[in-house]
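Note sheet for the following structure.
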Amino acid sequence: MQDMFSYRAQHSSDAPLAARMRPRTLDEFVGQSKIVGEGRLLRRLIERDQMVSLIVWGPPGTGKTTLARLLAAASSAHFEPLSAVSAGVADLRRVVKEATERKGMYGKRTVMFIDEIHRWNKAQQDAVLPHVEDGTVVLIGATTENPSFEINSALLSRCRVITLESLADEDIAIIVDRALADAERGLGKLNLALSAEGRTILVNLANGDARSALTALEAAALGQPAASDGGTRTLDREAIVEAYQRRNVAYDKSGELHYDAISALHKSVRDSDPDGALYWLARMLEGGEDPLYVARRVIRMAVEDIGLADPLALGICVAAQQAVHFMGSGEGALALAQSVVYLAQAPKSNAVYRAYGAAVQDVEETRNDPVPLHLRNAVTGLMKGMGYGAGYKYAHDFAEAQVDQNHLPENLAGRRYYTPTEHGFEARVKARLAWRDELPGEDQVAGS
């Protein structure tokens with residue numbers, strides 16, 4: 001009954017265009033040729049009626065739900081859709097009970113499709129596991145999030161992961177053209193034409209999301225006034241832009257792209273590419289990312305990848321953080337843009353970053369010996385009598401305030417962590433510290 005209701009809703013004239021134009025066969029399915037193209041594994045499984053449980057991972061509007069329906073239809077299995085947003089364990093129990101009865105009475109399999117399966121918690125996902133394992137249901141879970149992070153490992157190990165990609169512009173164009181021409185399910189009866197510029201901007205703004213493209217096309221079509229002479233109405237660039245209002249920015253600040261984008265921004269800065277840095281900064285901020293999160297990470301870039309090669313870098317990034325905090329995300333974005341461009345063009349050095357890491361490693365892995373006596377302050381007579389501060393050399397009593405004395409615990413005496421590079425200001429630092437190289441027994445750790 002639910003299948004029939006879903007079918008009628010999909011083909012009802014009141015249904016959204018994207019639902020009406022949902023492919024009915026694999027031959028109508030556009031894109032994802034690496035997955036369902038001729039000779040590909042998934043297509044072979046479908047043609048042989050060999051259903052396996054799947055996790056279908058991909059961006060919005062790439063065909064996850066459609067593919068699940070087509071898989072069920074090709075195998076003559078019963079299709080039972082659930083949404084993880086609204087369904088719970090009680091719904092799962094109902095589906096399993098009906099699937100058991102269906103299999104026992106009619107020998108018919110059940111495909112249980114769980115949309116946005118990543119929204120189910122661990123306990124809910126665990127509840128699915130035994131029924132997938134014993135074959136009561138064939139699971140097809142759809143997710144926009146990385147299954148490695150969002151799906152229980154036990155459930156993931158029993159499913160094949162299918163990765164869908166954003167549709168190519170050519171694929172979106174085919175889907176749009178079909179919708180305009182189809183008089184039964186599409187807009188063919190409305191006598192519409194799409195200008196070349198309108199078609200280009202529609203495809204471009206879709207960002208590989210077929211649902212987004214069809215939704216905007218339908219909005220533009222319904223908002224277009226009827227032609228006075230009853231002739232063809234043309235959807236131009238302005239009509240499409242008005243229907244979209246704003247580009248569908250491909251970004252999810254709580255998903256994997258959050259981590260991928262900040263990684264791309266950091267690596268663009270490290271590789272001295274201001275253009276790449278600006279692009280990924282814009283992708284994040286326009287996608288709704290918290291600008292203070294970006295500011296924190298930009299400060300991290302300054303200390304990790306620039307360091308003392310340009311001592312101004314840290315101050316500029318802290319100032320950008322203050323600007324964002326003071327002015328808000330809109331105007332503050334320019335301060336962040338200025339900071340990432342500055343970092344990208346700055347000389348690079350990770351000498352301090354490596355030096356501190358080596359010092360931390362020694363703290364964690366070696367005996368924590370006491371502070372040498374000559375470095376301690378003798379604040380009482382007892383402490384002075386015990387030798388606190390004895391033999392300490394006061395730096396200002398020596399030329400250039402350069403003193404050859406041990407500042408580390410005895411077990412680490414002579415250890416060298418920081419070795420400056422020849423980059424930017426750090427070249428001057430290296431010259432200032434050159435006197436250390438003449439000292440005997442130096443053990444260079446971080447900069448070797």
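Sorting the segments 37-44, 207-214 by their mean number of nearby beta carbons within 10 angstrom, highest to lowest, gives 207-214, 37-44. The alpha carbons of the chain stretch over 98, 62, 41 Å along the principal axes, in descending order. The count of lysine pairs in the chain with alpha-carbon distances below 28 Å, taking only pairs 8 or more places apart or on different chains, stands at 16. Residues whose amide H falls under 5 Å from that of G141, counting only those 5 or more places apart or on a different chain, are L54, I55, V56, I114, with hydrogens built in the peptide plane. Extension gain for the segment S33 to L222, taken as residue separation times 0.36 nm less the Cα-Cα distance, is 64.8 nm to one decimal. The E133 and E47 beta-carbon pair, evaluated with R₀ = 25 Å, returns a calculated FRET efficiency of approximately 0.45.
Counted by neighbouring Cβ atoms within 10 Å, the residues R415, R160 run from fewest to most as R160, R415.
Shown in residue order for segment 25-39 are the 3J(HN,Hα) couplings computed by the Karplus curve 6.51 cos²θ - 1.76 cosθ + 1.60 at θ = phi - 60°: 9, 4, 5, 7, 5, 9, x, 6, 5, 5, 9, 10, x, 4, x Hz (x for Gly and Pro). Identify which of G330, G276, G288 has the largest mean-square fluctuation in a Gaussian network model of the chain, with springs joining Cα atoms closer than 10 Å. So, out of G330, G276, G288, the one fluctuating most is G330. Springs join every pair of Cα atoms under 10 Å in this Gaussian network model of the chain, and among V403, V324, V294 the largest mean-square fluctuation is at V403. Note on D271/E438: beta-carbon distance plugged into 1/(1 + (r/R0)^6) with R0 of 25 Å gives a FRET efficiency of 0.10. Scaling the Cα radius of gyration of segment 32-163 by the globular reference 2.2 N^0.38 Å produces a ratio of 0.99. Multiplying the residue separation of V363 and H325 by 0.36 nm and removing their Cα-Cα distance gives an extension gain of 10.1 nm.
Coordinate-derived values only; no laboratory data. None of the values given here were measured: they were computed from a predicted structure. So basically every Cβ, Gly included, is an ideal-geometry build from the backbone, and we count neighbours across all protein chains shown.
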